[in-house]
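Only one structure is covered here, and it is reproduced in the block below.
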Amino acid sequence: MTFATLALLVLVGLAGPALSARRAWRIPVIAGELGAGLAIGSTGFGWVDAAEPTFTLLAQLGFGLIMLVIGSHIPIRDTAVRAAVGRGAAGAGIVAAVSVALGVGTALLFGTSHGAVYSVLIASSSAALVLPMLRSLDVSADSAAQLIAQIAIADVACIVALPLVLQPERVPLVALGGIGIAAVGVVLVLVLRRVGAHRLRVLHEVSESRQFALELRFSLLALFGLAGIAQFTHVSVMMAGFTLGLVLSAIGQPRRLAHQLFGMTEGFFGPLFFVWLGASINLRDLGTHPEMILLGLVLGAAAVVAHLAGRITGLPWSQAVASAGQLGVPVAAVALGVETKALMPGEGAAILLGALVAVVASSAAVAVVSRRSAASSPPPASAEGSPASP
């Protein structure tokens, strides 16, 4: 790893914002970054080696930060979402049951042994993907509380389950590591609540006025500590980042810290991770295994079908399809698959293709949710404070 290589990685990573800048194209930022990685990695020119230790370490740090941001998007403190947890859990459970049947069926259809992996992928939702889309279209938590609760529950459950189904031979050690990381996360929440909001606010003011960035330093200390536990127990760094994100969501993340983490993640480490991931995937395997293209389409369609089962709990069909949007779990599955060599040739590309299909369907459904939310909202008040006349 050299500075010239880092400059190349940052340069090609700009393909993400470049392709995403035109809103009419609706291209996710990570699509350009993954594409850039494909171009300079094993699929394309071979300019970078994704197995290089320093490159891998920086990418894993980016992975942890990405999962931290995803965890911080889980709306733990939202009262409307808390009230809908029961219905959200029921919906997530029904979707999971359907996903198991579809995942096992897909594995039998394509002759693979990854039925459990496919089940987790199909059942997953992405709070980091769907919740920002809802906010950008001014959909309030009150009008989509059950949807948000279901997505949050599915996101947490699938992220916890993924390492277990990808590494079944290490289930005891992986489970022990996951429990240890979760226990540390609970202790952090209890300690921070014991410290109290007033003392934390004083620390925030001192840090801001003296430009110490103490909150960021402590957050990175916690992330690296949890990642150390994950590394020792052969658990993915995704668990460390996601757990710390949940901790920040539970105690209320200061806006300044959120901006700092966003800058670190989106400015360098996040794009570097997706470029590394693209460089690790060899799309030439799809040429020799064209059935993997069909596998990706089937996984995406199965995700939409499974989440439509949420209609049983009263979720409107548009919100049910919106809950199928997935990003973190498929990306984590491919990253873990690359790390553990658990996936077959072309299977990583198939998983990302399935996620893309689900994202397109979810984006269209979120637009429908937005229009219905706007139509059902009360009319604006007149200047005198009385409801506007029809």
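The values are calculated or read from the model by the stated rules, or taken from the named source; none is laboratory data. From a predicted model like this one, the values you see are computed outputs, not experimental measurements. When we count neighbours, we look across all protein chains shown, and the Cβ atoms used for this are built from the backbone with ideal geometry, even at glycine. All accessible areas refer to the heavy atoms of the entire protein, side chains included, with ligands and DNA or RNA removed. Shrake-Rupley method; radii C 1.70, N 1.55, O 1.52, S 1.80 Å.
Observations, loosely collected:
- Selected residue (criterion: surrounded by the fewest Cβ atoms within 10 Å (Cβ to Cβ)) from residues of region 26-76 that are more than 21 Å from the chain's Cα centre (by Cα) and of a type in the set (S, T, N, Q): Thr54
- Long-range neighbours under 7 Å by Cβ, at least six apart or interchain, first residue at pLDDT below 85 within region 76-91, second β-branched (Val, Ile, Thr): Val81/Ile148
- Looking across Val104, Val85, Val95, one residue alone is crowded, with 20+ Cβ neighbours inside 10 Å, more than 15 Å from Phe269 (Cβ to Cβ) and of a type outside the set (Gly, Ala, Ser). It is Val95.
- Which listed residue is out of contact with any strand residue (DSSP E or B) (no Cβ under 8 Å at 6 or more places or on another chain), farther than 18 Å from Ala175 by Cα, open to solvent by less than 20 Å² (accessible area, probe 1.4 Å) and among the aliphatic types (A, V, I, L, M), from Leu248, Leu221, Leu214: Leu248
- Some residue of region 241-254 being part of a helix (DSSP H, G or I), of a type in the set (Gly, Ala, Ser) and within 22 Å of Val334 (Cβ to Cβ): yes
- Figure legend. Inter-residue proximity from region 97-110: first residues farther than 16 Å from Leu295 by Cβ, second residues of a type in the set (A, V, I, L, M) and surrounded by 14 or more Cβ atoms within 10 Å (Cβ to Cβ), beta-carbon distance below 7 Å, spacing 6+ or different chains. Indicated pairs: Val98/Ala306; Val98/Ala309.
- Considering Thr54, Thr112, the condition of being over 30 Å from Val298 (Cα atoms), of a type in the set (Val, Ile, Thr) and out of contact with any Phe, Trp or Tyr (no Cβ under 7 Å at 6 or more places or on another chain) is satisfied by Thr54 alone.
- Of residues in region 108-122 being on the phi < 0 side of the Ramachandran plot and outside any helix (DSSP H, G or I), the one surrounded by the most Cβ atoms within 10 Å (Cβ to Cβ): His114
- Boolean, Thr233 is at pLDDT 85 or above and within 24 Å of Val165 (Cβ to Cβ): no
- Screening Gly185 with (1) over 30 Å from Ser119 (Cβ atoms); (2) touching a residue at least 40 places away in the same chain (Cβ under 8 Å); (3) among the small types (Gly, Ala, Ser) gives one miss only, at (1).
- Of all residues in region 178-203, those that are open to solvent by 60 Å² or more (accessible area, probe 1.4 Å) and not β-branched (Val, Ile, Thr) total 7.
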